[in-house]
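Visitor: Structure below; questions to follow.
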Amino acid sequence: MARRTRTRRLLGTLSVTALATGAALITAPPVTAQAPAPAAGAVTVSPDPSYKAESFEGWGTSLVWFANATGDYPEEIREKLAKLLFGDDGLALNIARYNIGGGNAPDVKDYLRAGGAVEGWWKAPAGTTREDTDWWNADDKADWNPDADATQRWWVDRIRGDIDHWETFSNSPPWFMTKSGYVSGGFNATDDQLRPDSVDDFAAYLAGATKRLEKAHGIKVDTLDPFNEPNTTYWSTRLGADGEPVGGRQEGAHIGPELQQKVIKALAPALKKARTGTKISAMDETNPTIFTQNWNTYPQAVRDLVGQMNVHTYGTGGRTSVRDLAKAADKPLWMSEVEGDWGDGQSFTDMRPGLGLAQQMVDDLRELEPRGWVFWQPVEDYDNMKPGGESAKGGNWGSIQLPFSCTSKDTLDTCPIRTNTKFDTARNFTHYIKPGDRLIKTDDTSSAAAVSRKGDAATVVHVNSGAGERDVTLDLSKFGTISRHATVTPVVTSADGKLERQDTIKVTDRKATFTAPAQSVTTFLVKGVYGVAEDAAPLRKGHTYELTGVQSGKALTVADDGTKLVIKDAEAATPGQRWQPRRIGGDTGNRQRYVFTNPVAGKRLAVRDGAPVLEADHGKRDKATQWIMSTTGDGTWTLVNAATGRLLEVGGQATHDGAAVDTWTPNSGANQRWKVSEVS
């Protein structure tokens, strides 16, 4: 079925208010405004369109538990929930991840959390028990259940007109493919859970379920991720004295990097056999650091089978490493799952959860430069999040909460839907950074920015988590053309209002200033800006630059032998410290490639046999001579070699004159970052 690109029609404050009022939805009451404090920590934000990401694919969610729990709820409850998630006045999500359930054996009593027991697509013969593990055959139609997982699949039918990108993923293989016999993990959380003799069956199961989902619902699944946080110690099953499982409340499976590779190699032919155009995504690791460790073990043949790189950001270190790995591999990158609490116990009025989520989104967009950003699930179980649920004080997971225990007799009055401040602040992003826009860099760690698909407008989202007002000045001087009619319209979410459109500000002298309220998220809608200023690009043709190591404080220098690289104190007019870039191709972007030459030696910088060298600047400019520059907007850069995926770095974090410069896998270290200064 052809997918339609969704056009969002934002209905304005009146409609937003209408959606969030009435008995159908319980929201935060207005908070009495306090006397304003003086503006503190004024900041100037400079959005820079010379550094543009690829086309942004959008915002999404996994379906999993909330869809499994609510797919058979009364119509009015499901419809209200659907509008809050996918409607133009709700979160306006356009990416959905369908969970292919593993499923415990028929004789195992359900012990998983509410919504967590996602039904598998297998159909076991009558009398099958946990001990029966060799009955399933992917080629036998009788072993498949085409009617499986009715509740999550209700959501697939309901939202398919809203979704531009579908992904399927697995939390655990079915019980009969695991070592423990349970989908909640092994008895030892560090042991691989997938049986080695079940790798091919697991691949066939995932491919078969994906194809059946496509055919039954008339959708096209773009990617399939066979893992979920696989190389962690999260997933384990504990048995009680009666032999029944008492530990482990959700599906999960430890699958180490070596076994991951085997699954990926088996999945590629399985997808081909299933006759689906779905590509492999991997590996949905819990944080960028573990993702990088896993990816670096993959041989090139396995990396080539991966069509999209997926990472979670439950840990925030090392985002730039994954960013640079994706650029080197020339693959799209998704931030495919995150959620969090923030605040101090369940609350629908506290701004801290909304501000915490907003800053997480800013950081992910700035540091990862993802093509898609996906919630774990914006809907959580109210009963589990209330005080006495999983924690004494309760929690703020999810932007929307309702009980996962409602029945067919409930109504919106007896099964109320509540939203917290995360729902409000998330819409500052999802309403205004739209699919087709391109993320651009900013020089402020509290701001994310994008230019429109047509290139005639920009969006900046700024988070002010402070207790006082903040003067925020947008400096638009890095755009090539600023119309004399250019304007900036702030849209503010705070304790005093949600998505409140403010008076339009006229751009004067390429700038516009707005006072952002305390504890607020402000989206700046910029109109009348086009192109890129001539002096905005970090590297300009015919200009000469010096590269200074951030950690060492010393300049990249041609060694005395004329072929190797070292660092030395910067000295005026030292020829060996001068570099001229040539851009390969005409586009500006965050994956633009450059060739660096030393103008005096007439040699270019390349990587040969794993080491950086200076070589004669003639002949074919292969990938080994090409470098991709990455930045978070802080004035420092990494240089990614297009052939090896390694970064130019000062070996061993050395600081002495003459220390060798080599290449290494991305690790987000200061010795892998460089300041770029024009010297001509």
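Visitor: So the label point goes 7 Å from the Cα of D622 along Cα→C-beta, right? Which residues of region 582-596 then have their backbone N under 18 Å from it?
Guide: Answer for this model: 594-596.
Visitor: Also, quick follow-up: Measure off 7 Å from each Cα along the Cα-to-Cβ vector at H217 and D330, then give the distance between these two points in nanometres to one decimal.
Guide: 3.3 nm
Visitor: Let me ask something else. Against the globular-protein guess of 2.2 N^0.38 Å, express the Cα radius of gyration of the chain as a ratio, rounded to two decimals. Working shown, then result.
Guide: On the way: Rg = 26.4 Å, N = 680, 2.2 N^0.38 = 26.2 Å.
Here the Cα radius of gyration is 1.01 times the empirical estimate.
Visitor: Turning to a different aspect of this structure: Where nothing but the Cβ of Lys and Arg (+1) and of Asp and Glu (-1) is charged, how large is the charge dipole of the chain around its Cα centre, in debye to the nearest 20?
Guide: 2360 debye
Visitor: Show me, for region 475-491, the HN-Hα J-couplings you get by feeding each phi into the Karplus relation (A = 6.51, B = -1.76, C = 1.60, θ = phi - 60°), rounded to Hz, glycine and proline as x.
Guide: In residue order, the calculated couplings are 9, 9, 5, 7, 7, x, 10, 10, 4, 5, 9, 4, 9, 10, 10, x, 10 Hz.
Visitor: Report in % the part of the accessible area of the chain that belongs to carbon and sulfur, leaving out ligands and nucleic acids; probe 1.4 Å. Write down the numbers at each step before the final one.
Guide: Values: 12410 of 25850 Å².
Solvent-exposed carbon and sulfur of the chain make up 48 percent of the total.
Visitor: Mind giving me the FRET efficiency for D561 and D535? R0 is 45 Å, r the Cβ-Cβ distance, nearest 0.05 is fine.
Guide: Given R0 = 45 Å and the Cβ-Cβ separation, E is 0.80.
Visitor: So, one more: Output the peptides 486-497, 318-329 sorted from most to least packed, where packing is the average of other Cβ atoms within 10 Å over each peptide's residues.
Guide: My ranking of the peptides, most packed first, is 318-329, 486-497.
Visitor: Ok, one more. Across region 327-430, what fraction of all alpha-carbon pairs, as a whole percent, falls in each successive 10 Å bin from zero upward?
Guide: 15, 41, 28, 12, 4, 0
Visitor: Kirkwood Rh over alpha-carbon pairs of region 473-609, then Stokes-Einstein at 37 °C and 0.692 mPa s: what D in µm² s⁻¹, rounded to an integer?
Guide: Result for D is 174 µm²/s.
Visitor: Follow-up. Give me the base-10 log of I(q)/I(0) for region 600-640 at each q in 0.19, 0.29, 0.32 Å⁻¹, Debye formula, one uniform scatterer per Cα, rounded to two decimals.
Guide: Those come out to -0.65, -1.00, -1.10, one per q.
Visitor: Averaged over all directions, how much area does the convex hull of the C-alpha atoms of region 186-305 cover when projected, in nm²?
Guide: Here the figure is 8.6 nm², rounded to one decimal.
Visitor: Then there is this: List the pair-distance distribution P(r) of region 556-618, using every Cα-Cα distance, as the percent of pairs falling in each 5 Å bin from 0 up to the bin containing the longest distance, rounded to whole percents.
Guide: Calculated over all Cα pairs of region 556-618, the distribution is 4, 17, 26, 22, 16, 11, 4, 0 percent.
Visitor: Taking every DSSP beta bridge that has both residues in the chain, what percent is antiparallel when rounded to the nearest 5?
Guide: 70 percent
Visitor: Using square roots of five times the C-alpha gyration tensor eigenvalues, list the equivalent-ellipsoid semi-axes of region 224-267 in whole Å, biggest first.
Guide: For region 224-267, the ellipsoid semi-axes come out as 27, 9, 9 Å.
Visitor: OK, next. So if I take the centroid of the Cα atoms in region 515-541 and the same for region 336-362, what is the distance between those two points in Å?
Guide: 26 Å
Visitor: How many lysine pairs does region 458-583 hold where the Cα atoms are under 19 Å apart and the two sit 8 or more places apart or on different chains? Provide the component values of the computation, followed by the final result.
Guide: On the way: K478/K506; K478/K511; K478/K527; K478/K541; K506/K527; K511/K527; K554/K564; K554/K568.
Total qualifying Lys-Lys pairs in region 458-583 comes to 8.
Visitor: Over all distinct Cα pairs, what is the inverse of the mean 1/r for region 96-181, reported as the Kirkwood hydrodynamic radius in Å?
Guide: Values: mean 1/r = 0.0706 Å⁻¹.
Averaging 1/r across every pair of different Cα atoms and inverting gives 14.2 Å.
Visitor: Between the alpha-carbon centers of region 653-680 and region 401-477, tell me the distance in whole angstrom.
Guide: 36 Å
Visitor: Read phi for every residue in region 198-215 and hand back ³J(HN,Hα) as whole Hz from Karplus 6.51 cos²θ - 1.76 cosθ + 1.60, θ = phi - 60°, with x for Gly and Pro.
Guide: Listing the rounded values in order: 10, 4, 5, 5, 4, 4, 5, 5, 5, 5, x, 5, 5, 4, 5, 5, 4, 5 Hz.
Visitor: What residues have an amide H closer than 5 Å to that of L565, excluding those fewer than 5 places away on the same chain, when H is modeled at 1.01 Å from N in the peptide plane?
Guide: It is A559, V661, by chain and number.
Visitor: Right, next: About the Cα centre, and with charges only on the beta carbon of Lys, Arg (+1) and Asp, Glu (-1), how big is the dipole of region 464-597? Nearest 20 debye, please.
Guide: 520 debye
Visitor: By how many nm would the segment from R275 to E678 grow when fully extended, if each residue of separation counts as 0.36 nm and the alpha-carbon distance is taken off?
Guide: Once the chain is fully extended between R275 and E678, it gains 139.7 nm.
Visitor: Separate question: Which value in deg cm²/dmol, rounded to the nearest 500, describes the helix-derived mean residue ellipticity at 222 nm for the chain, given -39,500 (n - 2.57) per DSSP H run of n ≥ 4 and division by the residue count?
Guide: -6000 deg cm²/dmol
Visitor: Still on this model: Structure shown: which of K123/K386; K123/K327; K141/K409; K52/K620; K279/K675; K80/K123 lie over 31 Å apart, alpha-carbon to alpha-carbon?
Guide: Working: K123/K386 37 Å; K123/K327 42 Å; K141/K409 37 Å; K52/K620 27 Å; K279/K675 38 Å; K80/K123 33 Å.
From the list (K123/K386; K123/K327; K141/K409; K52/K620; K279/K675; K80/K123), the Cα-Cα distance tops 31 Å for K123/K386; K123/K327; K141/K409; K279/K675; K80/K123.
Visitor: While we're on this one: What nm value, rounded to one decimal, do you get for the distance between E79 and R501 when each label is placed 7 Å out toward the C-beta?
Guide: Taking the two extended label points, one gets 2.7 nm.
The values are calculated or read from the model by the stated rules, or taken from the named source; none is laboratory data. Source: prediction; values computed, not measured. In this analysis, Cβ positions are derived from the backbone assuming ideal geometry, glycine residues included, and neighbour counts consider all displayed protein chains. Side chains are part of the model used for accessible areas, which takes the heavy atoms of the whole protein and leaves out ligands, DNA and RNA. Shrake-Rupley method; radii C 1.70, N 1.55, O 1.52, S 1.80 Å.
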